[in-house]
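**Student:** Handing you a structure now.
The values are calculated or read from the model by the stated rules, or taken from the named source; none is laboratory data. Every value quoted in this text rests on a predicted model; they were computed, and no experiment measured them. Reconstructed Cβ throughout: ideal geometry from the backbone, glycine too, with neighbour counts over all protein chains shown. Heads up: the accessible areas ignore ligands, DNA and RNA and are worked out on the full protein's heavy atoms, side chains in. Shrake-Rupley method; radii C 1.70, N 1.55, O 1.52, S 1.80 Å.
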Amino acid sequence: MNKFNEYAEKAGQPVVRREISLLQVNMGYRCNLKCSHCHIEAGPDRTETMGMAVIEDCLGFVKRAQVRDVDITGGAPETNPNLPDFIRRLRQIKSVERILIRTNLAILDTPEHAHLPEFFAANRVELIASMPCYLEENVDSQRGKGVHARNIAVLQKLNRLGYGAWRSKLHLVYNPGGDFLPGPQSELEAAYKENLGKEFGITFDSLFTITNMPIGRFRTQLEEQGQLNSYTKLLIDNFNPLNLANVMCRNMVSVDWKGQLFDCDFNQPLGLPTAVADNYIGRVEPADLIGRAIATGEHCFSCVAGAGSSCQGSLEQKAG
């Protein structure tokens, strides 16, 4: 038994899937940016892209499982030319209530993708937008020179389309700039809203804080700086059993660009697929995934450390 499972068992909270209310779809590892903390090491040089055959099987799974929320990520999902068709088809499925796109914002400032904000708004797509800080220096250090300015321009355009106001929800995502835990989500959200509102007239619905996973590029960075062991210890020392009941993997399944199922997107680069006999999304029966133990590892301490972390922010407000 790995250390994370030992902690979960000791807390009386073994991590088992309860239901599948959410399908997280990774449409490929291609991205216009090469961010320093990317867990799948996405970038312009990656070629992995989900094709229509797998998308068809994803749609079939959504129908069979009666999935309510579809969370689309990457890389930059906008780089996949099949994304608009996927969204249109999802909107035709009765069970689907929410479609979420994880965007780095800067890609929506490029000529070939500048039309997508209008498309997203027309199809009632919620946006979860990476904005690791409201300060230019911090954003550019993580994401590349000029990214902050591009993000601001895109956020202003989204506000004009009704995002963060009367039309669709707009969430921003903060992750720490180094080997430390995020500050309190409510306090960071207030700071973001004050700064972005005062400086740029930007409004948004909520801020999600996400703890950096010690995998991918961030793990390499920690190893190069001799900080991997100390960061791992920080996560373990801040283990909070109250967060175990609300970890996102209990209610979801993740699919990679090839159609292989995982218990979360972070398990993809680690090669930890969902433990079923045939875990291809087009062949698996949703009922076979319920009640199964989640594949975990030491990286999972990131989700339950301190105030907790998930793809939809801190778990602290859900604990209890």
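**Student:** In the stretch 182-199, what residues are assigned to a loop (DSSP other than H, G, I, E, B) and open to solvent by 40 Å² or more (accessible area, probe 1.4 Å)?
**Tutor:** Within the stretch 182-199, the subset assigned to a loop (DSSP other than H, G, I, E, B) is 182-184.
Of everything in the stretch 182-199, just one residue is assigned to a loop (DSSP other than H, G, I, E, B) and open to solvent by 40 Å² or more (accessible area, probe 1.4 Å), namely Pro184.
**Student:** Might you check whether a residue that is over 19 Å from Ile128 (Cα atoms) and in contact (Cβ under 8 Å) with a residue 60 or more places away in the chain occurs anywhere in the stretch 162-175?
**Tutor:** As a first pass, look at the stretch 162-175 and keep what is over 19 Å from Ile128 (Cα atoms): none.
Checking the stretch 162-175: not a single residue is over 19 Å from Ile128 (Cα atoms) and in contact (Cβ under 8 Å) with a residue 60 or more places away in the chain.
**Student:** Could I ask something else about it? Any idea how many residues of the stretch 146-170 are farther than 13 Å from Gly201 by Cβ and modelled with pLDDT of 85 or more?
**Tutor:** Taking the stretch 146-170 as the starting set, the residues that turn out to be farther than 13 Å from Gly201 by Cβ are 146-151, 154, 161-163, 166-170.
Checking which are modelled with pLDDT of 85 or more leaves us with 146-151, 154, 161-163, 168-170.
Total meeting the criteria: 13.
**Student:** Filter the stretch 45-91 down to residues that are in contact with a strand residue (DSSP E or B) (Cβ under 7 Å, 6 or more places away or on another chain), free of Cβ contacts under 8 Å to residues at least 24 places away in the same chain and not hydroxyl-bearing (Ser, Thr, Tyr), then give me how many there are.
**Tutor:** Adding up the residues that qualify gives 0.
**Student:** If we scan the stretch 55-73, do we find a residue that is within 30 Å of Tyr231 (Cβ to Cβ), crowded, with 20+ Cβ neighbours inside 10 Å and of a type outside the set (Asp, Glu)?
**Tutor:** We begin by selecting, within the stretch 55-73, every residue within 30 Å of Tyr231 (Cβ to Cβ); these are 71-73.
With crowded, with 20+ Cβ neighbours inside 10 Å added as a condition, the list becomes 71-73.
If we keep only those that are of a type outside the set (Asp, Glu) too, we end up with 72-73.
The answer is yes, given that some residue of the stretch 55-73 is within 30 Å of Tyr231 (Cβ to Cβ), crowded, with 20+ Cβ neighbours inside 10 Å and of a type outside the set (Asp, Glu).
**Student:** Any idea which residue in the stretch 290-320 is farthest from Asn243 (Cα to Cα), counting only those that are open to solvent by less than 10 Å² (accessible area, probe 1.4 Å) and of a type in the set (A, V, I, L, M, F, W, C)?
**Tutor:** The extreme case among them is Phe301.
**Student:** Of the residues that sit in the stretch 23-40 and are modelled with pLDDT of 95 or more and open to solvent by 10 Å² or more (accessible area, probe 1.4 Å), which one is nearest to Asn251 (Cα to Cα)? Write out each step before concluding.
**Tutor:** From the stretch 23-40, those modelled with pLDDT of 95 or more are 23-31; that's our starting set.
Subset that is open to solvent by 10 Å² or more (accessible area, probe 1.4 Å): 29-31.
On the way: Tyr29: 24, Arg30: 27, Cys31: 27 Å.
Ranking the qualifying residues of the stretch 23-40, first place goes to Tyr29.
**Student:** I've got another one for you. Has the stretch 225-234 got any residue that is in a helix (DSSP H, G or I), open to solvent by 50 Å² or more (accessible area, probe 1.4 Å), within 21 Å of Ile107 (Cβ to Cβ) and not small (Gly, Ala, Ser)?
**Tutor:** No: the stretch 225-234 contains no residue that is in a helix (DSSP H, G or I), open to solvent by 50 Å² or more (accessible area, probe 1.4 Å), within 21 Å of Ile107 (Cβ to Cβ) and not small (Gly, Ala, Ser).
**Student:** Look through the stretch 241-289, keep the residues that are aromatic (Phe, Trp, Tyr) and open to solvent by less than 60 Å² (accessible area, probe 1.4 Å), and return whichever of them is nearest to the chain's Cα centre (by Cα). Give the derivation first.
**Tutor:** Filtering the stretch 241-289 for residues aromatic (Phe, Trp, Tyr) gives 257, 262, 266, 280.
Narrowing further to those that are open to solvent by less than 60 Å² (accessible area, probe 1.4 Å): 262, 266, 280.
Details: Phe262: 14, Phe266: 9, Tyr280: 21 Å.
Ranking the qualifying residues of the stretch 241-289, first place goes to Phe266.
**Student:** Just need a number here: residues in the stretch 92-128 that are touching a Lys or Arg at 6+ places or on another chain (Cβ under 8 Å) and touching a residue at least 40 places away in the same chain (Cβ under 8 Å).
**Tutor:** Within the stretch 92-128, the first condition is being touching a Lys or Arg at 6+ places or on another chain (Cβ under 8 Å), and the residues that meet it are 93, 95-99, 104-106, 108-109, 117, 121, 123-124, 126-128.
Narrowing the set further to residues that are touching a residue at least 40 places away in the same chain (Cβ under 8 Å) leaves 104-106, 108-109, 117, 121, 124, 126-128.
Residues in the stretch 92-128 being touching a Lys or Arg at 6+ places or on another chain (Cβ under 8 Å) and touching a residue at least 40 places away in the same chain (Cβ under 8 Å): 11 in total.
**Student:** Something else: Would you be able to tell me the number of residues in the stretch 93-113 that are open to solvent by 40 Å² or more (accessible area, probe 1.4 Å) and either among the acidic types (Asp, Glu) or touching a Ser or Thr at 6+ places or on another chain (Cβ under 9 Å) (or both)? Explain how you work it out, then say what you get.
**Tutor:** Within the stretch 93-113, the first condition is being open to solvent by 40 Å² or more (accessible area, probe 1.4 Å), and the residues that meet it are 94, 97-98, 109, 111-112.
Still in the running and either among the acidic types (Asp, Glu) or touching a Ser or Thr at 6+ places or on another chain (Cβ under 9 Å) (or both): 97, 109, 112.
Selection size over the stretch 93-113: 3.
**Student:** Further, regarding this structure: Tally the residues that are among the small types (Gly, Ala, Ser), closer than 21 Å to Pro77 by Cα and open to solvent by 30 Å² or more (accessible area, probe 1.4 Å), restricting the search to the stretch 150-177.
**Tutor:** Here the count works out to 1.
**Student:** Among the listed residues Thr203, Thr211, identify the single one that is open to solvent by less than 40 Å² (accessible area, probe 1.4 Å) and either among the β-branched types (Val, Ile, Thr) or within 21 Å of the chain's Cα centre (by Cα) (or both). Lay out the reasoning, then the answer.
**Tutor:** On the way: Thr203 fails: open to solvent by less than 40 Å² (accessible area, probe 1.4 Å).
Result: Thr211 is the single residue among Thr203, Thr211 that is open to solvent by less than 40 Å² (accessible area, probe 1.4 Å) and either among the β-branched types (Val, Ile, Thr) or within 21 Å of the chain's Cα centre (by Cα) (or both).
**Student:** Any chance the stretch 53-66 includes a residue that's assigned to a loop (DSSP other than H, G, I, E, B) and not polar (S, T, N, Q)? Step through it out loud before you land on a result.
**Tutor:** Start the filter on the stretch 53-66 by keeping residues that are assigned to a loop (DSSP other than H, G, I, E, B), which leaves 66.
Filter once more, keeping what is not polar (S, T, N, Q): none.
No, there is no match, as no residue in the stretch 53-66 is assigned to a loop (DSSP other than H, G, I, E, B) and not polar (S, T, N, Q).
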